[in-house]
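Asks: Here it is, the structure, as structure tokens.
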Amino acid sequence: MKLLEKYFLPSDYVKHFYSITPEYLKARGISAVITDLDNTLVGFDEAHANDVVINWFKTLNVHDIKVTIVSNGNRTRVSGFCDPHDIDYIFSAGKPLGKSFRKAVRMMDVDPSSTVMIGDQLMTDIFGANRAGLESILVLPVKKKDGWATLLNRRIERRIMKYFDQKGLINWGE
């Protein structure tokens, strides 16, 4: 069971991505954010950033915190979301494989130790970040509904989360 903790336990967890402030990040030595897109920032079926997402990007930028979106979504999906806001991105990332995480760190020209991955899935975002040696923050999905490709991951994830809850490792306070 130690492997579950090593690979799937996030460094931290919060309910919403927008709770992750520049002060929170800087207090942890973080100067760069890699974030998932679908069901982390907006629903998987929402094409564009809403005001909450746009303001979060702007706030991080004002505080010199770099952001790159790393998504398993296709080019059209990810570029359509990122390009209007001049956000760097990697599409068809192949998460949880480490290649895209390492590429994002190189693109931002930062040290991996000052980088955090934010995502809503243990099986892709947290597992990939932990394997790549990055800090990781788990957030609740912004929507209950997922794309078909995520459904199996969510079933496995529920079992892992149950284990973490029983061990007192993650408690959402609900």
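The values are calculated or read from the model by the stated rules, or taken from the named source; none is laboratory data. Since the model is a prediction, treat every value here as computed from it, not as a measurement. Cβ: placed from backbone, ideal geometry, glycine included. Neighbour counts: every protein chain shown. The accessibility values were calculated without ligands, DNA or RNA, using every heavy atom of the protein model including side chains. Shrake-Rupley method; radii C 1.70, N 1.55, O 1.52, S 1.80 Å.
Asks: List, in order, the whole-Hz ³J(HN,Hα) value for each residue of the range 136-142 obtained from phi through the Karplus relation with A = 6.51, B = -1.76, C = 1.60 and θ = phi - 60°; use x for Gly and Pro.
Replies: 3J(HN,Hα) across the range 136-142, in whole Hz: 9, 10, 8, 10, 5, x, 6.
Asks: Name the long-range amide H neighbours of Tyr13: under 5 Å, sequence gap of 5 or more, or other chain; modelled H, no Pro or chain starts.
Replies: For Tyr13, whose amide H was placed from the backbone, the distant partners under 5 Å are Leu138.
Asks: If you don't mind, there's one more thing I want to ask. Classify the range 1-109 as rounded, prolate or oblate, taking a ≥ b ≥ c as the square roots of the eigenvalues of its Cα gyration tensor: rounded when a/c is under 1.5, otherwise prolate if a/b is larger than b/c and oblate if not.
Replies: Rounded, because the longest to shortest axis ratio a/c is under 1.5.
Asks: Separation between the Lys143 and Ser19 pseudo-spin-labels, each 7 Å from Cα along Cα→Cβ, expressed in nm?
Replies: The two pseudo-label positions are separated by 2.2 nm.
Asks: Assuming 0.36 nm per residue, please report the length gained on full extension of the stretch Asp86 to Tyr163 beyond their Cα-Cα distance.
Replies: 23.8 nm
Asks: Rounded to the nearest percent, how much of the accessible area of the chain (1.4 Å probe, protein heavy atoms only) is carbon and sulfur?
Replies: It is 52 percent, rounded to a whole number.
Asks: How many percent of Cα pairs in the range 35-174 exceed 28 Å?
Replies: Values: 1461 of 9730 pairs.
Every Cα pair in the range 35-174 considered, those over 28 Å come to 15 percent.
Asks: May I pose another question? In straight Cα distance, which lysines are under 20 Å from Lys99, not counting same-chain residues fewer than 8 positions off?
Replies: Lys6, Lys66
Asks: When ligands, DNA and RNA are left out and all protein chains stay put, how many square angstrom of accessible area per residue does the chain have with a 1.4 Å probe?
Replies: That works out to 53 Å² for each residue.
Asks: Order the peptides 158-165, 67-74, 124-131 from the highest to the lowest mean number of other Cβ atoms within 10 Å of their residues.
Replies: Numbers: 158-165: 14.4, 67-74: 22.1, 124-131: 24.8.
Going from most to least packed, we get 124-131, 67-74, 158-165.
Asks: Could you tally the net charge around Arg28, taking each other residue with its Cβ under 12 Å from the Cβ of Arg28, Lys/Arg +1 and Asp/Glu -1?
Replies: The answer is -2.
Asks: Arrange the peptides 43-55, 100-112 so that the one whose residues have, on average, the most other Cβ atoms within 10 Å appears first.
Replies: 100-112, 43-55
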